[in-house]
Amino acid sequence: MFLSIRAAVHISNLKTYCDLVDTKSFSKAARLNGVTQSAVSQQLKSMESHFDMLIIDRSQKKFRLTPQGSKLYSSFKEIVRLYQRLECDLQEMSNVLSGTIHVSTVTSIGLHVLPAYLKSFIKEFPTVNVRVEYRRSNLVYEDVQNGSIDLGLIAFPVKRKDLTVIPFSEDELVLAAHPSNPLSKQKTLKVNDLHKVDFIGFERDIPTRQATDKILRQAGVEVKMAMEFDNVETVKRAIEINAGVAILPASTMRNEVQQNQLSQLSLGNDSFKRPLAIIHRKDKILNPAMQTFIDLLKKKS
């Protein structure tokens, strides 16, 4: 059947169709393939005309394929996968790394952990372009699962059946306080010392907030939640005006500690870690550039 697909239906068209099915969104499929939403619609109509069949069931409110559309999807997916495998093999044979790696990550990793890795990678492989998007943790998983990005970098990784999780580093969770805060004057600090203090927290769906809640709960400590934010930079700004204290990854506050804007205190003899990991789809074809980037993150840890 596919031998009859002439030049009008190229590999790029097949990939666009697969992206449309994976994301269930014309706009997302367009963005992934660098075309307009109208172009995606035209490609779909052209495909339906070529095969003389309906591919999407337009009688349904939700995006749903016809049985023929599902068959095309599974076959096109395999064709695209074989082509991507061929591209990877050819790149390996040429011994030259090139292309673009799309990375999605949370702000704390993207701003405070990733730059050192990127600097090293770009210096060694200047022909590879690394594009980084900052997203909430749940959206990083979504980006990876729908194929809109290549790799995700997340904290406190959650195992999912369709994802590969690769640990690459861990960060210590410490107490962040304003230098004038009474807690900053203590030589030793325990989690119990946080009982009833004004606390700055992340929003409840953020993994570091969930880890913090667990630390406090296991110690039987209740804090007074003064503010909640969705990113570490805003949390630090609140601490800088002495609105409360927070438990943060040590890597995110190095600059502020050096400039005496924040105090960093270890939580006693307890050592609380924030594990970091790379995630990608299990069926993802990793080209040499992506695999080398992953290897670098693992090696430098």
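The values are calculated or read from the model by the stated rules, or taken from the named source; none is laboratory data. Keep in mind it's a predicted model, so treat the numbers as computed, not measured. All Cβ positions, glycine included, derive from the backbone under ideal geometry; neighbour counts span all protein chains shown.
Using the structure shown, decide if residue 73 is within 28 Å of residue 139 (Cα to Cα) and more than 24 Å from the chain's Cα centre (by Cα).
Working: within 28 Å of residue 139 (Cα to Cα): yes; more than 24 Å from the chain's Cα centre (by Cα): yes.
Spelling it out, residue 73 is indeed within 28 Å of residue 139 (Cα to Cα) and more than 24 Å from the chain's Cα centre (by Cα).
Those residues that are surrounded by fewer than 17 Cβ atoms within 10 Å (Cβ to Cβ) and out of contact with any strand residue (DSSP E or B) (no Cβ under 8 Å at 6 or more places or on another chain), I need them from segment 188-206; list them, please.
Passing the criteria: 188, 190, 192, 195, 205.
If I ask for residues that are surrounded by 10 or more Cβ atoms within 10 Å (Cβ to Cβ) and part of a loop (DSSP other than H, G, I, E, B), which ones from segment 47-57 would you list?
Within segment 47-57, the first condition is being surrounded by 10 or more Cβ atoms within 10 Å (Cβ to Cβ), and the residues that meet it are 47-51, 53-57.
Residues satisfying the conditions are 53, 54, 55, 57.
Which pairs have Cβ atoms under 6 Å, sit 6 or more apart or on different chains, and link a residue in segment 231-252 that is more than 21 Å from residue 266 (Cβ to Cβ) and of a type in the set (A, V, I, L, M, F, W, C) to one that is crowded, with 19+ Cβ neighbours inside 10 Å and at pLDDT 95 or above?
From segment 231-252, the pairs are 238/200.
Yes/no per residue for (1) more than 23 Å from residue 271 (Cβ to Cβ); (2) at pLDDT below 95; (3) surrounded by fewer than 20 Cβ atoms within 10 Å (Cβ to Cβ):
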residue: 146; (1), (2), (3): yes, yes, yes
residue: 153; (1), (2), (3): no, no, no
residue: 165; (1), (2), (3): no, no, yes
residue: 182; (1), (2), (3): yes, yes, yes
residue: 186; (1), (2), (3): no, yes, yes
residue: 208; (1), (2), (3): no, yes, no
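Is it the case that some residue within segment 138-148 is within 19 Å of the chain's Cα centre (by Cα) and on the phi > 0 side of the Ramachandran plot? Even if it seems obvious, please write down each step before you answer.
Of the residues in segment 138-148, the ones within 19 Å of the chain's Cα centre (by Cα) are 138-148.
Checking which are on the phi > 0 side of the Ramachandran plot leaves us with 147.
Yes, because at least one residue in segment 138-148 is within 19 Å of the chain's Cα centre (by Cα) and on the phi > 0 side of the Ramachandran plot.
Output the residue which, of all residues in segment 31-68 that are of a type in the set (Gly, Ala, Ser) and over 30 Å from the mean Cα position of the chain (by Cα), is nearest to residue 148 (Cα to Cα).
Applying the first criterion (of a type in the set (Gly, Ala, Ser)) to segment 31-68 yields 34, 38-39, 41, 46, 49, 59.
If we keep only those that are over 30 Å from the mean Cα position of the chain (by Cα) as well, we get 46, 49, 59.
On the way: 46: 24, 49: 27, 59: 27 Å.
This residue is 46.
Counting only residues that are in a helix (DSSP H, G or I), β-branched (Val, Ile, Thr) and assigned by TED's automatic domain parsing to the domain that holds residue 289, how many does segment 77-117 have? Show your work before the answer.
Going through segment 77-117, the residues in a helix (DSSP H, G or I) turn out to be 77-94, 107-112, 114-117.
Within this subset, residues satisfying the condition of being β-branched (Val, Ile, Thr) are 79-80, 107, 109.
Those left that are additionally assigned by TED's automatic domain parsing to the domain that holds residue 289: 107, 109.
Qualifying residue count, segment 77-117: 2.
Out of the residues in segment 162-185 that are in contact with a helix residue (DSSP H, G or I) (Cβ under 7 Å, 6 or more places away or on another chain) and not in a strand (DSSP E or B), state the one that is farthest from residue 141 (Cα to Cα).
Selected residue: 183.
Can you tell which of 128, 132, 174 is farther than 30 Å from residue 94 by Cβ and surrounded by 16 or more Cβ atoms within 10 Å (Cβ to Cβ)?
Details: 128 fails: farther than 30 Å from residue 94 by Cβ; 132 fails: farther than 30 Å from residue 94 by Cβ.
That would be 174, the only listed residue that is farther than 30 Å from residue 94 by Cβ and surrounded by 16 or more Cβ atoms within 10 Å (Cβ to Cβ).
What number goes with the only condition from (1) within 19 Å of residue 252 (Cβ to Cβ); (2) out of contact with any strand residue (DSSP E or B) (no Cβ under 8 Å at 6 or more places or on another chain); (3) assigned by TED's automatic domain parsing to the domain that holds residue 256 that residue 230 does not pass?
The one condition residue 230 does not meet is (2).
Give segment 133-157 a look and list any residue that's touching a Pro at 6+ places or on another chain (Cβ under 8 Å) and outside any helix (DSSP H, G or I), or say none.
Going through segment 133-157, the residues touching a Pro at 6+ places or on another chain (Cβ under 8 Å) turn out to be 137, 154-157.
If the condition is that a residue be touching a Pro at 6+ places or on another chain (Cβ under 8 Å) and outside any helix (DSSP H, G or I), then 154, 155, 156, 157 are the ones that fit.
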